[in-house]
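Please treat every number below as a calculation from the coordinates, not as lab data. From a predicted model like this one, the values you see are computed outputs, not experimental measurements. Virtual Cβ from ideal backbone geometry, glycine too; neighbours counted across all protein chains shown.
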Amino acid sequence: MDTNDIGSPEFTVVRKGYDQAEVRAFFAELSTSVQTCDIGLRAIETAARTEAARLIEEADRASSEVRERADSYAADKMASADLALAEAEVVHAEGLAAAQARAAEAVEQSERMLGAAEANAAARVAAAEEHARVRSAAILDRTKQRLQRLLDAETDVHIRLTAAMSSTLAPTGHPLERADDALLDLAFAEFFMSDIEHDESRAWILSDHAG
């Protein structure tokens, strides 16, 4: 039954019952109310659909905005992360380069110090060798001089002894001079006993290296 059926119903005519005019008036009013309600419901339904469409559209728009914001935020974060990573790589590279430079400088400085130490040691060794050579030459020269004096003294003593032995045939009233007998002893005493601990030439002659 729709509003048309409600507005024009068919009734059976009986002898007893409600007043037909009142019944028809009631149904007419009821039909009008139903029509009004139907129109209101349709309007409400239309409004609801319109509102639902609007809400869906707004939701879609909001969702799109949220997605855009989320995508933008994610893109910003990715860009920031990439920038931070690039900066970290630059800092790492700079730190590595600085460390390598310091290591190279330390190695170079060590090599310079080692070279200087080796040069200094070589110079000191050369100086010590030169000093030893000069000292040895001086000692050898003094030793030669003293040996020459010793040989000269020995030759002189030998000559004197030879002369003394030749003079043994002389009269006893002319004894040998003391200098002839003791000259060689005095020469040896002078050479070997005078400051022997501080004279390198004498010490060298008495040492095991003299042979």
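Within segment 95-116, list the residues whose amide N lies under 12 Å from a label point set 7 Å along Cα→Cβ of Ala123. Residues 116 qualify, since their backbone N sits under 12 Å from the label point.
A Förster distance of 41 Å, applied to the separation of the beta-carbon atoms of Ser136 and Arg112, puts the FRET efficiency at 0.70.
Under the simplified labelling scheme, the Arg69-Leu161 pair shows an inter-label distance of 13.2 nm, with each label point 7 Å from Cα along Cα→Cβ.
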